[in-house]
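Undergrad: Okay, handing you the structure first.
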Amino acid sequence: MKILASLSLALIMLLGRPVYSQDSVATAPAKAKPVKNTFAGIWLIDNQSVMVPIKGTFEFDILHRFGVVKNGYEDLFGLFASSNIRLGFNYSPIDRLYVGFGLTKYKMLWDVNAKYAIFQQMSEGWPVSITYYGNAAIDTRSEEFFIHFSDRLSYFNQLIIARKFSPKFSAQIAPSLSHTNVVNGYYSAPGEVSPERKHNHFAVAISGRYKLTETLSLLANYDQPITKHKSGNPHPNLSFGLDVTTSSHSFQIFFGNYYFLSPQQNNMYNTNDYKNGEYLIGFNITRLWNF
């Protein structure tokens, strides 16, 4: 009996130990991680994406817009028309921040800009990424165009909210505020000048990407003006394109309505109406280096 009791006790201990061991080292829940590659780069056609390059990234951008295509063969569908070009340089000194500057052909507009990733979408929990983008620009044409130095200045502020819904599909919405220091005026009464436009302009952009392959994506974007002015209200922008991406290059080619390469100029002064077929061809080229 003593032997049987001893064997029974040993059996209970052997059977019970694994259960106890499994309970004591139960698998801890996986730690949530930031969602990566919501978009391929910082550009979504004419808008900034929610993405910020990693620390130590230097970026060189070439943005190009041709003329509208509706003149047909007369100017080879806008390819021979007057074009607009921007050269941009950006650097990420720390994680989640980049700073940069650029020069645009139209109005010889210099800008300084910055973008900071406030929140990042997580694999579990926090559902979206939120990034701030802003710039200040100065029109460097000759003095004959201005009365005061401050007339040269304009500003842009945008909050970008994005979500990667699946490995293939990502989308974002981005409300913005554009400000220009000087606007055209008209004589509303003898000796009295009234502005024809407001200095501040609110707008919202909706953009998306769908990956066809690891390196090729479809892009779509829509910009809707919100502020109403007395005259010269800007037209919305509707654009579609392709994005070809490698680890250090990005090339986007698209149709859209925006000709200017400054977001405040596009949002406040776009004269191309997509309902009238006033589209133009554009492309963005990006080159990255990591240090």
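The values are calculated or read from the model by the stated rules, or taken from the named source; none is laboratory data. These figures come from a predicted structure and were not determined experimentally. Virtual Cβ from ideal backbone geometry, glycine too; neighbours counted across all protein chains shown. Calculation scope for accessible area: heavy atoms of the full protein, side chains included, ligands and nucleic acids excluded. Shrake-Rupley method; radii C 1.70, N 1.55, O 1.52, S 1.80 Å.
Undergrad: Relative to the first principal axis of the alpha-carbon coordinates of the chain, what is the inclination of helix 2-24, with its axis defined by its Cα atoms, in degrees from 0 to 90 and to the nearest 10?
TA: For helix 2-24, the angle is close to 10 degrees.
Undergrad: Return, ordered by residue number, the residues of segment 89-112 whose backbone nitrogen is under 20 Å from a label point located 7 Å along Cα→Cβ of residue 146.
TA: Residues 101-112 qualify, since their backbone N sits under 20 Å from the label point.
Undergrad: Over 17 Å apart: what share of the alpha carbon pairs of segment 207-259 falls there, rounded to a whole percent?
TA: Values: 657 of 1378 pairs.
Percentage above 17 Å: 48.
Undergrad: Ok, one more. Taking a cut-off of 22 Å between Cα atoms, list the lysines near residue 31, but don't count ones fewer than 8 places away on the same chain.
TA: Candidates past the 8-residue exclusion: 164.
Undergrad: In addition: Can you give the accessible area of residue 173 in Å² (nearest 10), computed on protein heavy atoms with a 1.4 Å probe?
TA: 80 Å²
Undergrad: May I pose another question? Taking amide H atoms as placed 1.01 Å from N in the peptide plane, list the residues 5 or more away in sequence, or in a different chain, whose amide H sits under 5 Å from that of residue 196.
TA: Residues meeting the criterion, in which the H sits 1.01 Å from N, are 184, 185, 186.
Undergrad: Moving to a separate point now. Report the residue, chosen from 196, 144, 278, that carries the largest GNM mean-square fluctuation when the chain is represented by alpha-carbon nodes joined by springs under 10 Å.
TA: 144
Undergrad: Over all Cα pairs of the chain, how is the pair count split among 5 Å bins, expressed in % and running from 0 up to the last occupied bin?
TA: The calculated distribution, bin by bin, is 1, 5, 10, 13, 16, 14, 10, 7, 4, 3, 2, 2, 2, 2, 2, 2, 1, 1, 1, 1, 0, 0, 0, 0, 0.
Undergrad: Pairs 36/107; 105/198; 70/115; 168/275; 36/228: which exceed 28 Å Cα-Cα?
TA: As for pairs spanning more than 28 Å Cα to Cα, those are 36/107; 70/115; 168/275; 36/228.
Undergrad: Could I ask something else about it? Residue 33: which aspartates and glutamates have alpha carbons under 19 Å from its alpha carbon, excluding same-chain residues fewer than 8 sequence positions away?
TA: Straight-line reach from residue 33, under 19 Å: 95, 124.
Undergrad: Which distance in Å, rounded to a whole number, links the C-alpha centroids of segment 45-90 and segment 154-218?
TA: Using only Cα atoms to place each centre, the spacing works out to 17 Å.
Undergrad: Let me ask you something else. Convert each backbone phi in segment 230-240 into a coupling constant with the Karplus relation 6.51 cos²θ - 1.76 cosθ + 1.60 (shift: θ = phi - 60°), then list the ³J(HN,Hα) values in order as whole Hz, x for Gly and Pro.
TA: Here the 3J(HN,Hα) series is 5, 7, x, 4, x, 8, x, 10, 10, 9, 9 Hz.
Undergrad: Along the principal axes of its C-alpha atoms, what lengths does segment 223-291 span, in descending order and rounded to whole Å?
TA: For segment 223-291, the Cα extents along the three principal axes come out at 49, 27, 15 Å.
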